[in-house]
Amino acid sequence: MRRDEFPFSPQSATELSIGDLIAVPAADGKWTCLQVLELKPRARTELVVGPLPWVGSDPPTAAAVGGLEPVARALTRIEIFTRGKLEVVDNIAPSSSDVSTFYGDHGVGVVSKVWGWQAAIHNAQAVTGVDHETMH
């Protein structure tokens, strides 16, 4: 079931849409952003996200991150919401020239990244230079 009002914190990946923007707070009051890049049909606990090269004094908006390409992509879990307390705050179609997919056929030598929920948050902060060591 997709929610149409922002912000929200899903309990299942089935509530997400490709392009959802996930606000990641930093200890210094700034914000970074993960974007939902892929969803496996009917999967309830996993999603593919990418950190965007953005930092702001307010949570991300579609207008603020439009045109930015994710700097990586990785499989993570719904715990970024259920344990990490993150929220979806907006939605915009991903701007990516990377046409590879996590779900689907892979050739020999293809490397896929998997991040635990804490690593996904850490990597969003690291991309933008936010000091994750001060996070609690």
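The values are calculated or read from the model by the stated rules, or taken from the named source; none is laboratory data. Quick caveat: nothing in here was measured; it's all calculated off a predicted structure. Cβ placement follows ideal geometry from the backbone for every residue including glycine, while neighbour counts extend to all protein chains displayed.
Residue count for the stretch 18-45 satisfying the condition of being within 15 Å of Ala62 (Cα to Cα) and not β-branched (Val, Ile, Thr): 9.
Yes/no matrix, rows are residues, columns are (1) in contact with a helix residue (DSSP H, G or I) (Cβ under 9 Å, 6 or more places away or on another chain); (2) modelled with pLDDT under 95; (3) surrounded by fewer than 19 Cβ atoms within 10 Å (Cβ to Cβ):
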{"residue": "Gly29", "(1), (2), (3)": "no, yes, yes"}
{"residue": "Leu34", "(1), (2), (3)": "yes, no, no"}
{"residue": "Arg42", "(1), (2), (3)": "yes, yes, yes"}
{"residue": "Thr45", "(1), (2), (3)": "yes, no, yes"}
{"residue": "Leu52", "(1), (2), (3)": "yes, no, no"}
{"residue": "Pro59", "(1), (2), (3)": "no, no, no"}
{"residue": "Ala62", "(1), (2), (3)": "no, no, yes"}
